[in-house]
């Protein structure tokens with residue numbers, strides 16, 4: 001089938017989903033121990049979207065994310081240790097401890113960046129696509145955003161401009177069914193938010209967001225199209241957020257039967273089942289163990305790293321003498 | 001040297017910078033085919049094409065956010081927001097996006113974009129098209145804010161702003177576009193961001209003004225001269241970063257200061273300047289610093305109502321005399 005990821009790509013997606021899952025489990029524990037600051041927004045159960053949608057991008061392509069971006073960071077090839085050190089507030093973090101978990105960027109990987117203003121990553125990607133178009137550099141920009149962000153006005157403004165100008169941007173809606181605590185059916189009158197793409201003459205496809213291969217196939221088609229200069233496209237990946245909004249969420253609004261039903265469709269298990277005949281359990285277990293060890297080593301190393309020292313920057317200089 | 005209108009000087013700067021650097025592009029409402037509501041981009045779409053001079057839909061939120069990240073990824077956007085009154089629509093992109101990234105991403109990105117807009121009253125445009133919202137943007141660390149009043153400075157500062165690696169908010173005034181002045185077209189004549197201009201030297205009182213208020217301050221200086229008062233008029237020109245040294249030198253000489261800004265008084269731009277003078281020049285001051293601003297109210301429409309609220313030469317004179325009383 002066209003746009004089917006190679007076996008190596010599928011194995012790598014499997015590995016990355018495990019990296020994300022283990023990283024978030026570790027962060028959850030560290031948060032409970034009070035070793036991270038502020039909330040941590042986990043994407044357990046949604047890994048196939050961030051990993052599958054980004055697997056065909058190159059370092060030169062751009063990605064913008066949300067406050068729930070761990071799978072997006074890992075999908076874009078950002079180093080697990082750099083992410084962990086940043087979230088632990090260490091000087092060795094990707095942003096020197098200045099950004100924290102919601103706002104991580106790694107410009108060398110085109111990951112610019114996390115964004116904790118819901119919806120703001122959407123025009124951010126379109127602006128990068130505008131730059132790509134003007135420079136004619138063949139790069140594509142992608143934004144991954146949630147169903148909550150799909151209710152912002154800026155999404156509509158951006159979809160319109162991107163389609164009008166045929167910008168090389170791909171809109172990936174990671175539909176996890178909740179905007180903070182409120183279910184999407186209480187935030188808008190349509191279940192399939194991608195029908196709105198039709199209003200902007202933009203192609204859209206709905207995919208199973210728990211199947212990384214399905215996400216990859218659909219997204220790759222939109223990325224190719226955008227790269228050819230044929231304009232933007234949209235993917236709506238249906239998934240479900242197992243955990244609460246963040247580590248500070250008191251819960252009580254997600255139905256236990258829904259959580260159970262979606263946990264039965266664990267994206268990692270789906271990927272494993274698909275790979276099993278060709279790769280075998282032993283190899284998959286090795287990959288799993290290596291990814292788990294990588295996260296563990298990253299956390300241990302980062303925990304031993306120094307905290308940054310505050311240095312005045314231009315903004316803090318007296319009377320803004322510099323800037 | 002050439003005599004030209006303020007709008008023509010801006011147009012010249014855009015043309016020069018677009019010719020010099022192919023990564024410079026323009027976007028905004030009505031700037032392409034029509035050449036801009038104030039005709040600043042007249043002829044540029046014909047010259048540089050629709051790819052680099054883009055008429056946008058009425059989508060200030062998205063276009064501002066897009067300009068920020070386009071700037072982050074290799075181009076130099078010059079965005080026109082038709083009225084400063086529309087800046088509130090752009091504020092997320094400015095306050096939560098553009099102003100933070102260089103710092104929080106530890107220098108991984110820079111954002112060489114310019115947001116041009118125009119504000120101010122006197123044209124009977126009403127409460128949603130007449131405000132000077134300088135304080136709204138000058139408040140934000142990470143944004144630079146300039147407001148030229150002469151055609152020469154308009155060109156020189158716009159060229160500097162376009163070449164600057166960081167965001168610049170470029171404030172124009174609707175009643176300046178048709179004012180005329182000499183522009184040295186034979187030279188680059190870049191005006192550095194962060195330097196004030198002494199519009200008129202004087203010894204009795206310093207009048208520190210912004211944008212069109214510099215013209216009112218110069219008229220006030222003429223009136224004061226008739227009463228034997230020598231006023232120094234300083235065109236702040238760069239609202240942030242502020243040229244503190246020029247202010248200090250002037251106040252040390254005159255021992256009196258009047259700050260003039262067309263924005264609101266409470267938490268206004270004039271208040272920041274007054275506080276800075278109080279902190280840095282307290283021992284030099286012979287009188288409290290006076291502020292001349294818009295009162296804290298919407299700009300009314302009818303001519304006598306609008307004239308009553310806008311700062312002008314007479315109000316500046318009265319404030320100057322108060323410092324000398």
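What follows draws every value from the coordinates through simple rules; no lab data is involved. Given the structure is predicted, the values throughout are model-derived calculations rather than measurements. Neighbour counts are summed over all protein chains in view; Cβ atoms, including those assigned to glycine, are modelled from backbone coordinates with ideal geometry.
Tabulated data
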| read-out | value |
| --- | --- |
| Contact order relative to length of the stretch A:7-320, as percent, for alpha carbon pairs under 8 angstrom and 6 or more apart | 23 percent |
| Largest-first ellipsoid semi-axes for the stretch A:7-320, taking √(5λ) over the Cα gyration tensor eigenvalues, angstrom | 28, 25, 20 |
| The stretch B:197-324: radius of gyration over Cα atoms, expressed as a fraction of 2.2 N^0.38 Å | 0.98 |
| Span per principal axis, largest first, for the Cα atoms of the stretch B:132-262 (Å) | 45, 33, 25 |
| Stokes-Einstein D in µm²/s, Kirkwood radius over Cα pairs - the stretch B:2-183 at 25 °C with 0.890 mPa s viscosity | 152 µm²/s |
| Chain B: angle of helix B:313-324 to the longest principal axis, Cα-based, in degrees nearest 10 | 50 degrees |
| Ranking of A:36, A:54 by count of other Cβ atoms within 10 Å, fewest first | A:36, A:54 |
| Centre separation in Å (Cα based) which lies between the stretch B:1-32 and the stretch B:267-300 | 34 Å |
| Relative contact order (%) - criterion: Cα under 8 Å, at least six apart; region: the stretch B:197-324 | 29 percent |
| Average other protein chain Cβ within 10 Å of Cβ, residues A:151-159 | 4 |
| Simple spin-label estimate for residue B:55 and residue B:226 in nanometres, 7 Å along Cα-Cβ | 4.9 nm |
| Modelled FRET efficiency - R0 51 Å, residue A:264 with residue B:128, Cβ distances, 0.05 increments | 0.40 |
| Nearest-ten-degree value, helix B:244-254 long axis tilted from longest Cα axis of chain B | 20 degrees |
| Expected-Rg normalisation [2.2 N^0.38 Å, Cα atoms] applied to the stretch A:25-122 | 1.00 |
| Sorted by Cβ density within 10 Å, fewest first, the residues B:306, A:33 | A:33, B:306 |
| DSSP beta bridges in the protein assembly as shown [antiparallel fraction, %, rounded to 5] | 20 percent |
| 20 Å binning of all Cα-Cα separations within the protein assembly as shown, expressed as whole percents from 0 upward | 19, 45, 28, 8, 1 |
| Chain B - Kirkwood radius from inverse mean 1/r over Cα pairs (Å) | 19.9 Å |
| Volume in Å³ per residue [convex hull over Cα atoms, computed for the stretch B:106-206] | 152 Å³ |
| Full-stretch length increase - residue B:287, residue B:46 - with 0.36 nm per residue and alpha-carbon distance subtracted | 81.2 nm |
| Average Cα contact separation per residue, the stretch A:114-251, under 8 Å, 6 or more apart, as relative contact order % | 26 percent |
| Stretch gain in nm, segment residue A:300-residue A:201, where the contour uses 0.36 nm per residue and the Cα spacing is subtracted | 30.7 nm |
| Shielding by partners, peptide A:107-115 (average Cβ within 10 angstrom, other chains) | 3 |
| Label point distance in nm, residue A:281-residue B:219, each placed 7 Å from Cα along Cα→Cβ | 8.9 nm |
| Residue among B:290, B:232, B:50 with the largest mean-square fluctuation in a Gaussian network model of chain B, springs linking Cα atoms under 10 Å | B:50 |
| Square roots of 5 times each gyration tensor eigenvalue, C-alpha, the stretch B:11-60, largest first, Å | 17, 12, 9 |
| Net lengthening on full extension, residue A:137/residue A:79 (0.36 nm per residue, minus Cα-Cα) | 18.3 nm |
| Least to most buried among A:62, B:177, B:6 (fewest other Cβ within 10 Å first) | B:177, B:6, A:62 |
| Gap separating the Cα centres of the stretch A:171-222 and the stretch B:144-178, nearest whole Å | 43 Å |
| Point-to-point label distance, residue B:187-residue A:257, nm (Cα→Cβ direction, 7 Å offset) | 8.1 nm |
| Angle in degrees between helix B:213-226 and the longest Cα principal axis of chain B, rounded to the nearest 10 | 20 degrees |
| Centre separation in Å (Cα based) which lies between the stretch B:40-92 and the stretch A:80-104 | 33 Å |
| Theoretical FRET efficiency, 1/(1+(r/R0)^6), r = Cβ-Cβ of residue B:275 and residue B:325, R0 22 Å, to 0.05 | 0.50 |
| FRET E, pair residue B:318, residue B:3, Förster distance 41 Å, beta-carbon r, rounded to 0.05 | 0.75 |
